[in-house]
Amino acid sequence: MTDLLHAAVNGGELTRADMIRLLELNDPAQEELLFQAAYQVKLRYVGPVVRLRGLIEISNLCVKNCFYCGIRRDNHRMHRFRMSEAEILEAARFAATAGYGSVVLQSGERADAENTEFIERMVRRIKEISNGRLGITLSLGEQTPETYQRWFVAGAHRYLLRIESSNPGLYAKMHPADHSFVRRVACLKSLRDCGYQVGTGVMCGLPGQTAADLADDIRFFRDLDVDMIGMGPYIPQADTPMGRAFKAFEPAVQLHWGLRMIAVTRLVLRDVNIASTTALQALAPDGRERGLLAGANVIMPNIGDVSHRKDYLLYDNKPGTDENATESRERLEQAITGIGERIGYDEWGDSPHFHHRTGGSR
């Protein structure tokens with residue numbers, strides 16, 4: 001194990017069998033060696049700097065009916081909302097004032113003309129009110145190449161579209177028959193063609209998922225040559241088909257799947273941006289900090305109005321639903337400095353991989 005990790009830290013390529021071995025670690029001492037190795041690679045390629053993305057969950061309206069997601073179309077217990085333009089711009093102004101450098105506009109999926117125009121207008125307005133200082137990431141699901149291009153021209157430059165699993169069979173179990181794995185992959189390629197920094201990701205610890213599946217997910221990221229990864233442990237949501245059927249939920253087990261996946265992905269992909277997600281924090285109070293120490297370098301604190309937080313529950317026990325943006329910033333800064341890292345204030349924090357691939361980082 002020591003030799004394997006030493007080789008990985010020093011540029012050695014991990015085989016699929018190596019990845020599976022690391023992902024299956026259940027000895028705490030060996031797992032800690034994995035995290036330390038991934039952290040060394042992180043320091044070498046992206047540094048001890050945490051990139052912040054102010055997350056604005058603008059709407060829980062969704063046309064999709066994914067079996068795992070709390071805002072799925074057929075969850076009629078969910079109160080539906082869409083933030084007003086004024087609310088979105090207020091959150092963006094906070095991000096600029098707080099020095100976050102970037103915002104993420106995230107919502108359930110819609111592909112109608114009115115929503116396309118609304119997003120385009122919001123992207124332009126955020127650029128205007130921040131004098132172009134705020135970077136903009138979108139996470140708005142599957143769209144046509146023409147829509148992606150409109151939003152890119154308006155000023156968005158990063159897009160996160162999670163594949164959730166690169167195993168087509170597992171993907172099919174998580175989605176209704178009208179959802180297409182092939183279309184999802186085609187959308188990721190369209191985003192690359194438009195010029196976006198492309199992000200994707202998966203859930204870890206899914207029912208029926210194996211370490212081999214997760215190793216293949218990492219190889220999928222590598223083969224697609226993505227710039228950023230947003231992934232986290234699967235946490236059930238009680239009002240979903242998967243949530244009702246999943247009886248083996250163990251928070252500690254899910255947490256360690258998520259942390260090991262971050263670490264092995266860092267060892268393989270090295271210079272990409274990797275998020276330490278809120279789902280980690282839902283499983284342990286210091287989950288996001290542990291994600292950083294396992295190799296992640298991005299955190300997306302929620303900066304939207306607190307009144308909407310309880311209506312955007314993708315999974316149960318989501319943290320931060322009653323914490324305003326100012327409180328979140330203060331606690332986050334203390335937590336990050338407490339583990340010896342610093343925040344890259346007033347920076348877009350683009351993926352070093354994107355810079356190496358295109359020369360286009362800021």
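The values are calculated or read from the model by the stated rules, or taken from the named source; none is laboratory data. Just so it is clear, the structure is predicted and the values come from calculations on it, not from any experiment. Quick reminder, even Gly has a Cβ in these numbers, built from the backbone with ideal geometry, and neighbours come from all protein chains shown. We work out accessible area using only protein heavy atoms, side chains counted, and drop any ligands, DNA or RNA first. Shrake-Rupley method; radii C 1.70, N 1.55, O 1.52, S 1.80 Å.
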Considering only residues that are open to solvent by less than 10 Å² (accessible area, probe 1.4 Å), within 16 Å of I136 (Cα to Cα) and not aliphatic (A, V, I, L, M), which ones fall in the range 77-115? G99, Y100, G101, S102
Matching residues in the range 333-362 (crowded, with 19+ Cβ neighbours inside 10 Å, outside any loop (DSSP other than H, G, I, E, B) and out of contact with any Ser or Thr (no Cβ under 6 Å at 6 or more places or on another chain)) number 3
Filter the range 278-302 for residues that are at pLDDT 95 or above and β-branched (V, I, T); which is nearest to R222 (Cα to Cα)? V298
If we ask which residues in the range 285-332 are among the hydrophobic types (A, V, I, L, M, F, W, C) and in a loop (DSSP other than H, G, I, E, B), their number turns out to be 6
Yes or no: the range 71-84 includes at least one residue that is within 23 Å of S328 (Cα to Cα) and without any contact (Cβ under 8 Å) to a residue 60 or more places away in the chain. yes
Condition first: under 27 Å from V49 (Cα atoms) and over 16 Å from the mean Cα position of the chain (by Cα). Now tell me which residues in the range 306-318 satisfy that. none
Checking the conditions here, which among L43, L22 is closer than 23 Å to A279 by Cα and either surrounded by 23 or more Cβ atoms within 10 Å (Cβ to Cβ) or of a type outside the set (F, W, Y) (or both)? L22
Look through C204, C194 and report the one residue that is open to solvent by less than 10 Å² (accessible area, probe 1.4 Å) and in contact with a Phe, Trp or Tyr (Cβ under 7 Å, 6 or more places away or on another chain). C204
Of the residues in the range 225-249, those that are among the aliphatic types (A, V, I, L, M) and out of contact with any strand residue (DSSP E or B) (no Cβ under 7 Å at 6 or more places or on another chain) number 5
Would you confirm whether or not the range 251-272 contains a residue that is of a type in the set (V, I, T), under 16 Å from M203 (Cα atoms), touching a Gly at 6+ places or on another chain (Cβ under 8 Å) and surrounded by fewer than 17 Cβ atoms within 10 Å (Cβ to Cβ)? yes
Filtered residues of the range 223-250 (kept if part of a helix (DSSP H, G or I) and loosely packed, with under 14 Cβ neighbours inside 10 Å): D223, R244, A245
Please find, among G338, G304, G344, G349, the residue that is in contact (Cβ under 8 Å) with a residue 40 or more places away in the chain and at positive phi. G349
Expected output for the range 129-157 (first residue under 21 Å from V185 (Cβ atoms), partner surrounded by fewer than 17 Cβ atoms within 10 Å (Cβ to Cβ) and aliphatic (A, V, I, L, M), Cβ below 8 Å, 6+ apart or cross-chain) is G141/A111; E142/A111; Q143/A111; T144/A111; T147/A111
Being surrounded by 20 or more Cβ atoms within 10 Å (Cβ to Cβ) and among the β-branched types (V, I, T) is the filter; apply it to the range 46-76 and report the residue that is farthest from R309 (Cα to Cα). V46
Only one of (1) open to solvent by less than 10 Å² (accessible area, probe 1.4 Å); (2) at negative phi does not apply to G295, and that is (2)
Within the range 158-199, can you find the residues that are assigned to a strand (DSSP E or B) and closer than 22 Å to G243 by Cβ? E164
